[in-house]
């Protein structure tokens, strides 16, 4: 059977993902519309036989969503190989877009046995822990900038590495109005943010991801993480060294960029 262009291109991107390589930009017909980009992402992910530890929400900034004329964010799988402990080093390349500071949740595996739509009232029963997290975002392609959510979604959600801080048992707090900051003191770079920048709030972003996972009939049969989106936008990495993120009431997380 003759292989389609979609199959050939997805093979190249998967190989780049597995071997930390950079390839030529994939055709725009796979990325221009989010619905097509999501299909392409799922095809790529189906070809990766590695443990999935959770999912990320992408495109959660409402101003960016309006600018790019999108109605909702997107989500993508997170693989164990890209999940690092607090303080670990990350080597970057020219296709890195930046660094983000997020709220992440550890979700109980009992979520998969529940058939109810996740809403504001029942969402908290699925949450075990919460923590601050740093995400390094970038492409596996030789391109820069963001022209559409499809650009990000199609390339494994543009997730490169996740570094998680200390987890805390979940408790109800005003998650939609927590001050955040990410800093590299060596180069005097500091960016402030707020959890309210994340798709109304991180819990709402979590709800979005969980309902998408349920709609796609996914069952990991284990506890898993959900990363809810950046509280500071995509912060350019202006220099190497230690980047430290802080979220009020949640704690801190750090990584060394090299």
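Every condition in (1) assigned to a helix (DSSP H, G or I); (2) within 19 Å of residue 139 (Cα to Cα); (3) under 17 Å from the mean Cα position of the chain (by Cα) is met by residue 75 except one, and the failing one is (1). Of all residues in the range 15-33, none satisfies being over 29 Å from residue 253 (Cβ atoms), without any contact (Cβ under 8 Å) to a residue 24 or more places away in the chain and within 19 Å of the chain's Cα centre (by Cα).
The residue of the range 124-142 that is farthest from residue 248 (Cα to Cα), among those that are touching a helix residue (DSSP H, G or I) at 6+ places or on another chain (Cβ under 7 Å) and assigned to a strand (DSSP E or B), is 138. In the set (1) modelled with pLDDT under 95; (2) in contact with a strand residue (DSSP E or B) (Cβ under 8 Å, 6 or more places away or on another chain), the condition left unmet by residue 6 is number (2). Filtered by the rule that a residue be without any contact (Cβ under 8 Å) to a residue 12 or more places away in the chain and either in a helix (DSSP H, G or I) or surrounded by 15 or more Cβ atoms within 10 Å (Cβ to Cβ) (or both), the range 48-63 gives a lone residue, 63. From (1) outside any strand (DSSP E or B); (2) under 24 Å from residue 165 (Cα atoms); (3) in contact with a helix residue (DSSP H, G or I) (Cβ under 7 Å, 6 or more places away or on another chain); (4) touching a residue at least 60 places away in the same chain (Cβ under 8 Å), pick out the condition that doesn't hold for residue 87. Here residue 87 clears every test but (3). Of all residue pairs spaced 6 or more apart or on separate chains, those with beta-carbon atoms under 6 Å, a first member in the range 189-218 that is closer than 21 Å to residue 111 by Cα and a second member that is surrounded by fewer than 18 Cβ atoms within 10 Å (Cβ to Cβ) are 201/176.
Screening the range 25-47 for residues that are part of a loop (DSSP other than H, G, I, E, B) and out of contact with any strand residue (DSSP E or B) (no Cβ under 7 Å at 6 or more places or on another chain) and picking the one that is farthest from residue 149 (Cα to Cα) gives 47. The residues on offer are 117, 92, and the sole one that is in a loop (DSSP other than H, G, I, E, B), surrounded by fewer than 18 Cβ atoms within 10 Å (Cβ to Cβ) and in contact with a helix residue (DSSP H, G or I) (Cβ under 7 Å, 6 or more places away or on another chain) is 117.
The values are calculated or read from the model by the stated rules, or taken from the named source; none is laboratory data. If you're wondering where the values come from, they're calculated on a predicted model, not measured in any experiment. Using ideal geometry, Cβ is built from the backbone for each residue, glycine included, and neighbour counts are taken over all protein chains shown.
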